[in-house]
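Reading through the structure tokens given below for one structure.
The values are calculated or read from the model by the stated rules, or taken from the named source; none is laboratory data. Since the model is a prediction, treat every value here as computed from it, not as a measurement. Please note: Cβ atoms are built from the backbone with ideal geometry, for glycine as well, and neighbour counts cover all protein chains shown. Ligands, DNA and RNA are excluded from the accessible area calculation, which covers all protein heavy atoms including side chains. Shrake-Rupley method; radii C 1.70, N 1.55, O 1.52, S 1.80 Å.
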Amino acid sequence: MHAYNRLSSTGRSSSSSPPASPICRSPRYRNRAFKSSRGPPRTLTQRLFQTPLSFFLKRQGIFLFAPLLYIAGMLFYMGTLSLDVVPFARHRLGPGSVYRSPDLYAWVRDEMDSDNSSSDAILTIWENSYEGGVWRPCTNQSSKGLPESNGYILVEANGGLNQQRTSICNAVAVAGYLNATLVIPTFRFHSIWKDPSKFDEIYDEEFFIKTLENDVRVVRTVPIHIMERFDHNLTNVYNFKIRAWSSIQYYSAKVLPKLLEEKIIRIFPFANRLSFDVPPAVQRLRCLANYQALRFSDPILALGETLVARMKEHSANNGGKYISIHLRFEEDMVAFSCCVYDGGEQEKIYMDAARERGWRGKFTRRGRVIRPEAIRLNGKCPLTPLEVGMMLRGMGFNRNTFIYLASGRIYDAERHMAPLLEMFPLLQTKDSLASEEELAPFQNYSSRMAAIDYTVCLHSEVFVTTQGGNFPQFLLGHRRYLYGGHSRTIRPDKRRLAFLFGSPSIGWKSFKHHMLNMRAHSEFKGIEIRRFNDSIYSFPCPDCMCKVNKMEDLRSSLSSAK
């Protein structure tokens, strides 16, 4: 029986094919046969394509390196590795990525100056802030006696004025928790602030000790009989290296046994070495230290209160209400931010030199990529005096508003301050309010000058913060403590501002609408309750304050008036 053959329809009978010749089984002859029967000659393009393909097919092991080649290519593309030749890509920069605030100012200035649609905001700004009751300070001092001390604790506070303040308050809390005697903290001299001031030159030392006497023992120096054990050399005292934000349990488990053994310990340096998550009794000691025991020294307090009185006298037409602004636009702040303004190539050269002087090599190390456009869009650029002025005018503050400006030396002050002074000609500073003789004792001490600014800002009707840091964070909390739980502080949305300032054709009415919304948000967010791990120095409610309703507050006010 023959097998079925589909080709039988051709009319010829099929026959089985002969077996292949043994010579054709050889790869050598098989290739030769293939070449002879592959058709017309290949073109040059075909040969160029088939040659590398043939190479890879014959050496398939090279595909093992394909992932490595891909990763290397991606690293080069993302900029992690440097190349001598970088392709230039043209792209359009979006609104907010470039400093265009002067263009917007020029565009809206006439309309802004002629805008009389609303009364001065300083008279009405917090009118809806106290619905639902107010908060009152409740950091009562203890009336109980103290048990025998477990030993002495020495701390060294580092940083500027308010970072040192953090250290002092934390040290009081730790000493009280460990039933230890706190030695008046020393201040570490810092190469940036360059202030050699001691504790009693910034704070009222006697008042500090007296206020805490029923809660924490505080002494000025270590007793002689203990110093003799260490050859009168404090560096011989055991020094704890404590991690930042350590729990209070760490102090009882690790620090207390050593304190009981040695009767004296050091903690150098001592900044943020205590967690905000502590028991209420420890939190109360922080509140007591910060809001009651830490009072500025008499010379600082006297000048600060004098400047407050002068600001209220100048602003008598507004009921003695004035604005204070913490403006961070000093040379070092602008340089550190790596933001680009409108100074062109000269500004770039100047800022590059400032960065190298202050942070040698930090911004030029291999692989570091700085993108000023992204920094600006993210709201990280310091606001210029012009931007602060436009923001406040948009919020309804007019040319007759008195402003106190707290700042260091403004970068390129003559150029940058001109538009702010055009918008607010009644602006004042320490130098304009005080005489040279009044400022002379504080002139070369950055922390003492900052303490004067702190006092004037603390008692203003409105406080405007522009860049963050310890100074505004402490003021934020201190003002809440004084003003019924409300901070009375304008905290601008800098990402939103970057977008608006980067849109020069936005128009005054639209810009003002956004600023009024931002002001309303600040009013609404003025009263906030501290959440887990928030700073107690910014959010004193409810740890340092107690809430009372309006009726109780009214009865309390009437009884105190009698």
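Values computed for the structure shown
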| item | result |
| --- | --- |
| Of residues in region 469-488 being assigned to a loop (DSSP other than H, G, I, E, B), open to solvent by 20 Å² or more (accessible area, probe 1.4 Å) and touching a residue at least 12 places away in the same chain (Cβ under 8 Å), the one nearest to Asp110 (Cα to Cα) | Arg488 |
| Considering residues of region 489-544 that are of a type in the set (Phe, Trp, Tyr) and under 24 Å from the mean Cα position of the chain (by Cα) only, the residue farthest from Asp110 (Cα to Cα) | Phe532 |
| Qualifying residue in region 395-405 (condition: surrounded by 17 or more Cβ atoms within 10 Å (Cβ to Cβ), over 22 Å from Ala121 (Cβ atoms) and touching a residue at least 12 places away in the same chain (Cβ under 8 Å)) | no |
| Pairs, first more than 20 Å from Pro280 (Cβ to Cβ) and in contact (Cβ under 8 Å) with a residue 40 or more places away in the chain in region 238-257, second part of a helix (DSSP H, G or I) and hydrophobic (A, V, I, L, M, F, W, C), C-beta under 9 Å, six or more apart | Val255/Val174 |
| Region 492-529, residues that are modelled with pLDDT under 95 and outside any helix (DSSP H, G or I) | Gly502, Ser503, Pro504, Ser505, Ile506, Gly507, Lys525, Gly526, Ile527, Glu528, Ile529 |
| When residues of region 361-377 are limited to those that are assigned to a loop (DSSP other than H, G, I, E, B) and open to solvent by 60 Å² or more (accessible area, probe 1.4 Å), the one farthest from Glu331 (Cα to Cα) | Arg366 |
| Sole exception among (1) modelled with pLDDT under 95; (2) closer than 25 Å to Gly94 by Cβ for Ala354, by number | (2) |
| Given (1) of a type in the set (A, V, I, L, M, F, W, C); (2) touching a Pro at 6+ places or on another chain (Cβ under 6 Å); (3) part of a strand (DSSP E or B), number of the condition Phe463 does not satisfy | (2) |
| Residue list for region 413-449, filter: part of a loop (DSSP other than H, G, I, E, B) and farther than 24 Å from Gly160 by Cα | Phe424, Pro425, Leu426, Leu427, Ser435 |
| Meets criteria (closer than 24 Å to His513 by Cβ and either free of Cβ contacts under 8 Å to residues at least 40 places away in the same chain or charged (D, E, K, R) (or both)) for Gly389 | yes |
| Set Asp332, Asp298, Asp342: member being within 21 Å of Ala434 (Cα to Cα) and either charged (D, E, K, R) or surrounded by fewer than 16 Cβ atoms within 10 Å (Cβ to Cβ) (or both) | Asp298 |
| Selection count, region 268-323, where residues are in a loop (DSSP other than H, G, I, E, B) and charged (D, E, K, R) | 4 |
| Unmet criterion (only one of (1) at pLDDT 95 or above; (2) under 20 Å from Ala244 (Cβ atoms)) for Ile192 | (1) |
| Filtered residues of region 443-468 (kept if of a type in the set (A, V, I, L, M), open to solvent by less than 20 Å² (accessible area, probe 1.4 Å) and more than 19 Å from Gly379 (Cβ to Cβ)) | Ala451, Ile452, Val456, Leu458, Val462 |
| Only one of Ala440, Ala434 that is of a type in the set (A, V, I, L, M), closer than 21 Å to Glu313 by Cα and surrounded by fewer than 21 Cβ atoms within 10 Å (Cβ to Cβ) | Ala434 |
| Residues of region 171-209 classified as farther than 21 Å from Ala450 by Cα and touching a residue at least 40 places away in the same chain (Cβ under 8 Å), total | 9 |
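Conditions (1) modelled with pLDDT of 95 or more; (2) open to solvent by less than 20 Å² (accessible area, probe 1.4 Å), marked per residue:
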{"position": "Leu234", "(1), (2)": "no, no"}
{"position": "Leu256", "(1), (2)": "yes, no"}
{"position": "Leu260", "(1), (2)": "yes, no"}
{"position": "Ala271", "(1), (2)": "no, yes"}
{"position": "Gln283", "(1), (2)": "yes, yes"}
{"position": "Asn290", "(1), (2)": "yes, yes"}
{"position": "Leu294", "(1), (2)": "yes, yes"}
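Rundown of residues vs (1) open to solvent by 60 Å² or more (accessible area, probe 1.4 Å); (2) touching a Pro at 6+ places or on another chain (Cβ under 8 Å), yes/no style:
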| site | (1), (2) |
| --- | --- |
| Lys198 | yes, no |
| Tyr238 | yes, no |
| Ile248 | no, yes |
| Ile265 | no, no |
